[in-house]
1. So in segment 38-57, with the set limited to residues that are assigned to a loop (DSSP other than H, G, I, E, B) and of a type in the set (A, V, I, L, M, F, W, C), which one is nearest to Ala68 (Cα to Cα)?
2. Between a residue in segment 47-64 that is under 12 Å from Val21 (Cα atoms) and any residue that is part of a loop (DSSP other than H, G, I, E, B), which pairs come within a Cβ distance under 9 Å, given they are 6 or more apart or on different chains?
3. Hey, could you check segment 2-19 for residues that are of a type in the set (A, V, I, L, M, F, W, C) and closer than 20 Å to Arg78 by Cα and say which is most open to solvent (accessible area, probe 1.4 Å)?
4. Identify the single condition in (1) part of a helix (DSSP H, G or I); (2) under 16 Å from Phe4 (Cα atoms) that Gly81 does not satisfy, given that it satisfies every other one.
5. Any idea which residue in segment 43-81 is most open to solvent (accessible area, probe 1.4 Å), counting only those that are modelled with pLDDT under 95 and over 14 Å from the mean Cα position of the chain (by Cα)?
6. Considering every residue within segment 30-37, establish whether at least one is open to solvent by 30 Å² or more (accessible area, probe 1.4 Å), in contact (Cβ under 8 Å) with a residue 60 or more places away in the chain and either in a strand (DSSP E or B) or under 22 Å from Arg3 (Cβ atoms) (or both).
Amino acid sequence: MLRFSIIMPVKNAARTVKEAVDSFCAQDWPEKELLVVDGGSVDGTLAILAAYANNPNICVIREADNSATEGLARGAARSKGDLIGLLMADDA
């Protein structure tokens, strides 16, 4: 079975990130991971993501960056999936 890695670059996305992560969690594919790459949020995004700390399919990576593209590259480098997808923090 294929494993999907979904990368979500975020920065100051407290308003929308919960809905986006919940949409990932709602998917019924058993082999999946979400790599949330936070580029230096200061608005409460990390507090929202902390609620998912016990979910083995979600990994939060905290590293300041200069762009969403850097976040995508960092997530891709750590992904374990056969296929990589993108989920923006304001998508569901």
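The values are calculated or read from the model by the stated rules, or taken from the named source; none is laboratory data. In this text, all values refer to a predicted model and were calculated from it rather than measured experimentally. Don't worry about glycine lacking a Cβ; one is built from the backbone with ideal geometry, like all the others, and counts go over all protein chains shown. Protein only, heavy atoms only, side chains kept; ligands, DNA and RNA dropped before computing areas. Shrake-Rupley method; radii C 1.70, N 1.55, O 1.52, S 1.80 Å.
1. Step by step, filter segment 38-57, then rank; the result is Val42.
2. As it stands, the answer is Ile48/Ala13; Ile48/Ala14; Leu49/Ser41; Ile58/Tyr52; Val60/Tyr52; Val60/Ala53, since those pairs meet every condition given.
3. Of all residues in segment 2-19, those of a type in the set (A, V, I, L, M, F, W, C) come to 2, 4, 6-8, 10, 13-14, 17.
Now drop any that are not closer than 20 Å to Arg78 by Cα, which leaves 2, 4, 6-8, 10.
Working: Leu2: 86, Phe4: 70, Ile6: 35, Ile7: 4, Met8: 0, Val10: 9 Å².
Residue satisfying both the conditions and the ranking: Leu2.
4. (1)
5. If we take residues in segment 43-81 being modelled with pLDDT under 95 and over 14 Å from the mean Cα position of the chain (by Cα), then Asn66 is most open to solvent (accessible area, probe 1.4 Å).
6. We begin by selecting, within segment 30-37, every residue open to solvent by 30 Å² or more (accessible area, probe 1.4 Å); these are 30-31.
This time we only want the ones that are in contact (Cβ under 8 Å) with a residue 60 or more places away in the chain, so: none.
Checked segment 30-37: no residue is open to solvent by 30 Å² or more (accessible area, probe 1.4 Å), in contact (Cβ under 8 Å) with a residue 60 or more places away in the chain and either in a strand (DSSP E or B) or under 22 Å from Arg3 (Cβ atoms) (or both).
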